[in-house]
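J.: Structure below; questions to follow.
The values are calculated or read from the model by the stated rules, or taken from the named source; none is laboratory data. Everything numeric in this text was worked out from a predicted model, so none of it was measured. Cβ atoms come from the backbone with ideal geometry, glycine included; neighbour counts cover every protein chain shown. Ligands, DNA and RNA are stripped out before the accessible areas are found, and what is left, the full protein with its side chains, is counted by its heavy atoms. Shrake-Rupley method; radii C 1.70, N 1.55, O 1.52, S 1.80 Å.
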Amino acid sequence: MNKTLSLRNMLAMALVLCTITFYGQDNFGGLALYTVRDNMAEDARTTLKKVAEAGYAYIEAAGYSDGKFYGMDPLEFKSYLKSIGLTPVSTHQGTVTLENADEQIAAVKAAGFEYFTIPVPPMGMFTFDNESKTMGMEGSVEDLAEILTTLGKKCEAVGLKLLYHNHDFEYKKNEEGITPIKYLLEHTDPRYVNFQMDLYWVTKAGADPVAYFKAYPGRFKSWHVKDMDKEGKFAPVGEGTIDFKRILGEKETSGMEKYFVEQDMTWDKKPLDVIKISHNGLKVMGFQ
């Protein structure tokens, strides 16, 4: 019996060592799986292996439905990520409401995530104009701040951290002359609510990420590292115009703990090729 157990332990250790060697000990940085969403829909497990092979160390999910992450229950998802050397760090929970929050928070906690991230104003507040291709929100920013605070308190109670992710409209003045992101920063408690800054969308809005870091230090716990080409379109990291080195120089001021490569549309390139290009761009820009 002891010999059998010993053999099993040796085989288990060998498997772990093989996994580390295969996927690399130098993997770093995160990937927002929204970038490879079509691949994830086709074959989540194979796609996640390719994410690890591309050099990423952790992920942000964007595929929660019916209590599962990409068709896997929370513990199964957590176990599979561990088996291929990836860590679950953040998840975009766009369908959260005050009614289903407890169920979603429990699933996020069980899957091993650290951040429960709200990708757009929740509960029907988000708007998208198909004709002008512009995003916005219905309802007041005061209501949004209250909803985020309620959700943030629920997350804090179980050891999760709530973040709000921006697009461009939050960094522009609304019809009342209020810049939504400023209101949210100034009317939420950092114990319960902090922010994921999407560097592309902030730049698209004509705002300066560094200026916000300095005005509201420590509030931007994660970033979406997304580049912009000369036409204003999404681009692989390092192939666009955003000065990531300058922004990265204010990492400590920002409060950034994790970052995720993301590219909403990859145009004539395949998403699985783009994530490799962007990972090489991270190295050039000095990300670790």
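J.: Against the condition surrounded by fewer than 15 Cβ atoms within 10 Å (Cβ to Cβ), closer than 22 Å to residue 34 by Cα and without any contact (Cβ under 8 Å) to a residue 60 or more places away in the chain, how does residue 227 come out, does it pass? So that I can check it myself, show each step before the final result.
T.: Details: surrounded by fewer than 15 Cβ atoms within 10 Å (Cβ to Cβ): no; closer than 22 Å to residue 34 by Cα: yes; without any contact (Cβ under 8 Å) to a residue 60 or more places away in the chain: yes.
Spelling it out, it is not the case that residue 227 is surrounded by fewer than 15 Cβ atoms within 10 Å (Cβ to Cβ), closer than 22 Å to residue 34 by Cα and without any contact (Cβ under 8 Å) to a residue 60 or more places away in the chain.
J.: Then there is this: Report, by residue number, each residue of the stretch 90-104 that is open to solvent by 10 Å² or more (accessible area, probe 1.4 Å) and in contact (Cβ under 8 Å) with a residue 40 or more places away in the chain.
T.: Within the stretch 90-104, the first condition is being open to solvent by 10 Å² or more (accessible area, probe 1.4 Å), and the residues that meet it are 92, 94-95, 97-100, 102-103.
Scanning the stretch 90-104 gives 92, 98, 102.
J.: Among the listed residues 258, 221, 251, 270, identify the single one that is at pLDDT 95 or above, of a type outside the set (Asp, Glu), open to solvent by 10 Å² or more (accessible area, probe 1.4 Å) and more than 17 Å from the chain's Cα centre (by Cα).
T.: Numbers: 258 fails: more than 17 Å from the chain's Cα centre (by Cα); 221 fails: more than 17 Å from the chain's Cα centre (by Cα); 251 fails: more than 17 Å from the chain's Cα centre (by Cα).
Being at pLDDT 95 or above, of a type outside the set (Asp, Glu), open to solvent by 10 Å² or more (accessible area, probe 1.4 Å) and more than 17 Å from the chain's Cα centre (by Cα) holds for just one of 258, 221, 251, 270, which is 270.
J.: Within the stretch 105-136, can you find the residues that are in contact with a strand residue (DSSP E or B) (Cβ under 8 Å, 6 or more places away or on another chain), under 17 Å from residue 73 (Cα atoms) and surrounded by fewer than 18 Cβ atoms within 10 Å (Cβ to Cβ)?
T.: Selection gives 112 alone.
J.: Quick check: anything in the stretch 154-162 part of a helix (DSSP H, G or I), in contact with a strand residue (DSSP E or B) (Cβ under 6 Å, 6 or more places away or on another chain) and either closer than 30 Å to residue 110 by Cα or small (Gly, Ala, Ser) (or both)? Reasoning before the result, please.
T.: Filtering the stretch 154-162 for residues part of a helix (DSSP H, G or I) gives 154-157.
The next check asks that each one be in contact with a strand residue (DSSP E or B) (Cβ under 6 Å, 6 or more places away or on another chain); those that pass are 155.
Now restrict to residues that are either closer than 30 Å to residue 110 by Cα or small (Gly, Ala, Ser) (or both): 155.
Yes, the stretch 154-162 contains a residue that is part of a helix (DSSP H, G or I), in contact with a strand residue (DSSP E or B) (Cβ under 6 Å, 6 or more places away or on another chain) and either closer than 30 Å to residue 110 by Cα or small (Gly, Ala, Ser) (or both).
J.: Considering each residue of the stretch 172-201, count those that are under 19 Å from the mean Cα position of the chain (by Cα) and more than 27 Å from residue 108 (Cα to Cα), and give that number.
T.: 0
J.: Continuing with this model, one more query. Kindly establish whether residue 162 is buried (at least 23 other Cβ atoms within 10 Å of the Cβ) and either free of Cβ contacts under 8 Å to residues at least 40 places away in the same chain or within 21 Å of the chain's Cα centre (by Cα) (or both). Walk me through how you get there before you give the answer.
T.: On the way: buried (at least 23 other Cβ atoms within 10 Å of the Cβ): yes; either free of Cβ contacts under 8 Å to residues at least 40 places away in the same chain or within 21 Å of the chain's Cα centre (by Cα) (or both): yes.
So residue 162 passes the test.
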